[in-house]
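Peer 1: Sharing a structure, written as structure tokens. Questions coming.
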Amino acid sequence: MADPRVEVIDRRLSTIDRIIAVSSGKGGVGKSVVASTLALTLARRGLEVGLLDLDFTCPTTHLILGVEDGMPEEERGLLPPRVQGLEYLSLAYYTKDRPTPLRGGDISNAIVELLSITRWGQLALLVVDMPPGIGDATLDLLRLIPQMEFLVVTTPSHIAFETVRRLLGLLGGLRRRVVGVVENMVMNPSDFVEGEVEAMGFPYLGVIPFDPELEGTLGDVEALMETSFAEAVGRIASALLDEEAEGEGD
Amino acid sequence: MHEWALAEGVVAAVSRIAEEQGLRRVTEVTVRIGELQQVDREILIFAIDQLRTPVMGDARIIVEEAPARLRCRVCSHTWRFDPEGLGEEVSEAIHFVPEVVHAYLRCPGCGSPDFEVVEGRGIWLASVKGLRGDG
């Protein structure tokens, strides 16, 4: 007759001012590292920030943050543990890095379950590391969280951008708020992505140059935040907050 | 307890349905819980009772339990979920998000992780009965 879990999702998210979904058209563009670093950057600017890893079949944010222990507490639901100044939740707490092959219906159920039982604190922003593409998980989140805003990550690759073009087409067609597109892993600057994004009528938030030092810092947050990658993400974070301030002034 | 979060959803769903159906008083609520999630029946009933809204009055709360049956998509073997021997940590993980069962169980017939939960997964509001209008 009715799924009682869906009824409380709005209430569970009502303590959060903005929900930013970090998305991509395909995997391998650095979405999870951008999402994690963005959340850390915003938290270090004094905002209360959460990070939710919804890339269920391949969660990696716990590896980027160097999460080794701790578990969500159970208190009339789940209370996300505090990790590196963030309220943090990932299915990896429960799957322990074991292969977890899930079909679409299972992914939908797990998303509904986590959203309905997680009790976030008062947050200025919740950053969501989304599964890549426009499959079941993305469609579920579009349905369940209409207020979600999208930060789309691509690389300079024409192939990566063609997948982003479809994602942007979906979001634009549904009139969802796209805060902007970020071009990651840039080695040879070109204006291809910027031109295409602007031609589609979406904001282009800038470039994150390829940083050969980044890989060696994953799992060590202090080292990660010293990289030129983090510095570039910092500029994206500023653009995100400026855009919010401009929006408030309208 | 996690049961409280589920109870909150049940009460919110009952209130919405009562309003949509024009029920002035709910007399009976039937909830089905799947064995896979290992929801504590007594705590769930207690939580629904504590959270009940005025429209639910003294409505009878019925909680039915459904056995969890799994079916392999590769070899079609069907079996019943048995939490015995899973260990506390794994049982707790499945309790919170039943889909993580795919990280821990394999088909006893062929070893595949590609199985489906045919029934008995989580929690479902099966029926809401009540009285309509002013009478």
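Peer 1: Take the solvent-accessible surface of the protein heavy atoms, probe 1.4 Å, and return the percent of it on the stretch A:17-111 that carbon and sulfur atoms account for.
Peer 2: Whole-percent figure for carbon plus sulfur exposure: 47.
Peer 1: May I pose another question? Let me have the relative contact order for the stretch A:4-249, percent, based on Cα pairs under 8 Å that are six or more residues apart.
Peer 2: The normalised contact order for the stretch A:4-249 reaches 27 percent.
Peer 1: Would you mind working out the magnitude of the charge dipole of the stretch B:7-93 relative to its Cα centre, with +1 at each Lys and Arg C-beta and -1 at each Asp and Glu C-beta, to the nearest 20 Debye?
Peer 2: 540 debye
Peer 1: Another question, if that's okay. Taking amide H atoms as placed 1.01 Å from N in the peptide plane, list the residues 5 or more away in sequence, or in a different chain, whose amide H sits under 5 Å from that of B:Phe115.
Peer 2: Excluding prolines and chain starts, which carry no amide H, the hits are B:Arg73.
Peer 1: What does the buried accessible surface come to for B and A, summed over both chains, with the probe at 1.4 Å? Round to 100 Å².
Peer 2: Values: alone 7730 and 11820 Å², together 16500 Å².
Summing both sides, the interface buries roughly 3000 Å².
Peer 1: Please say if the stretch A:113-235 is rounded, prolate or oblate, where rounded means a/c under 1.5 for a ≥ b ≥ c the square roots of the C-alpha gyration tensor eigenvalues, and otherwise the choice is prolate for a/b larger than b/c and oblate otherwise?
Peer 2: Cα axes put the stretch A:113-235 in the oblate bin.
Peer 1: So what J values fall out for the stretch A:148-159 if you push phi through Karplus, 6.51 cos²θ - 1.76 cosθ + 1.60 with θ = phi - 60°, rounded to Hz, Gly and Pro as x?
Peer 2: Going residue by residue, I get 5, 9, 10, 10, 9, 9, 9, 10, x, 4, 5, 5 Hz, with x marking Gly and Pro.
Peer 1: Pull up all non-local amide H partners of A:Ile208: gap of 5 or more, or a different chain, and H-to-H distance under 5 Å with H placed in the peptide plane.
Peer 2: A:Glu183, A:Asn184, A:Met185, A:Val186
Peer 1: Could you report the accessible area of B:Arg71 in Å², rounded to 10, computed with a 1.4 Å probe on the protein chains as they sit in the structure?
Peer 2: 90 Å²
Peer 1: Assign one of three labels to the stretch A:29-84, namely rounded, prolate or oblate, based on the Cα gyration tensor with a ≥ b ≥ c the square roots of its eigenvalues; rounded applies when a/c is under 1.5, prolate when it is not and a/b is larger than b/c, and oblate otherwise.
Peer 2: Oblate is the answer for the stretch A:29-84, as a/c is 1.5 or above yet b/c matches or exceeds a/b.
Peer 1: At 1.4 Å probe size, put A:Asp242, A:Asp3 in order of accessible surface, largest to smallest.
Peer 2: Most to least solvent-accessible, the answer reads A:Asp242, A:Asp3.
Peer 1: Any residues in the stretch A:64-78 that have 10 Å² or more less accessible area with all protein chains than in their chain alone, probe 1.4 Å, and which are they?
Peer 2: Those residues are A:Met71, A:Glu74, A:Arg76, A:Gly77, A:Leu78.
Peer 1: What full-extension length gain, to one decimal in nm, is calculated for A:Arg177 and A:Glu194 as 0.36 nm per residue of separation minus the Cα-Cα distance?
Peer 2: Working: separation 17, 0.36 × 17 = 6.12 nm, distance 1.82 nm.
Working it through step by step, the gained length comes to 4.3 nm.
Peer 1: Moving on to the next point. Need one value: the accessible area of B:Glu92 in square angstrom, 1.4 angstrom probe, rounded to the nearest 10.
Peer 2: 80 Å²
Peer 1: Set the Förster distance to 51 Å, then compute FRET efficiency between B:Thr27 and B:Glu84 from the Cβ-Cβ distance, nearest 0.05. Show your work: numbers first, answer last.
Peer 2: On the way: r = 39 Å, r/R0 = 0.76.
With a Förster radius of 51 Å, E is 0.85.
Peer 1: If you place +1 on the Cβ of every Lys and Arg and -1 on the Cβ of every Asp and Glu, how big does the dipole about the Cα centre of the stretch B:37-135 come out, in debye to the nearest 20? If you can, show how the numbers build up before the last one.
Peer 2: On the way: 11 positive and 16 negative charges, 96 e Å.
Here the stretch B:37-135 has a charge dipole of around 460 debye.
Peer 1: I would also like to ask the following. By its C-alpha gyration tensor, with a ≥ b ≥ c as the square roots of the eigenvalues, how is the stretch A:4-249 shaped: rounded for a/c under 1.5, else prolate for a/b larger than b/c, else oblate?
Peer 2: rounded
Peer 1: Could you check the spin-label model distance between B:Asp114 and A:Arg98? Points 7 Å from the Cα along Cα→Cβ, value in nm.
Peer 2: Using points 7 Å along Cα→Cβ, the separation is 2.0 nm.
Peer 1: How much accessible surface does A:Met200 have with a 1.4 Å probe, in Å² rounded to 10?
Peer 2: 60 Å²
Peer 1: Pulled fully out, how much extra length does the chain show between A:Glu162 and A:Leu139, if you take 0.36 nm times their separation in residues and subtract their Cα-Cα distance? Walk me through the intermediate numbers first.
Peer 2: Values: separation 23, 0.36 × 23 = 8.28 nm, distance 1.91 nm.
Going from the current span to full extension adds 6.4 nm.
Peer 1: How much accessible area per residue does the stretch A:4-249 have, counting only protein heavy atoms and a probe of 1.4 Å, in square angstrom? It would help to have the intermediate numbers written out before the result.
Peer 2: Details: 9950 Å² over 246 residues.
Averaged over the residues of the stretch A:4-249, the accessible area is 40 Å².
The values are calculated or read from the model by the stated rules, or taken from the named source; none is laboratory data. Being a predicted model, the structure only gives us computed values, none of them experimental. Glycine gets a Cβ as well: all are built from the backbone with ideal geometry, and neighbour counts include every protein chain shown. The accessibility values were calculated without ligands, DNA or RNA, using every heavy atom of the protein model including side chains. Shrake-Rupley method; radii C 1.70, N 1.55, O 1.52, S 1.80 Å.
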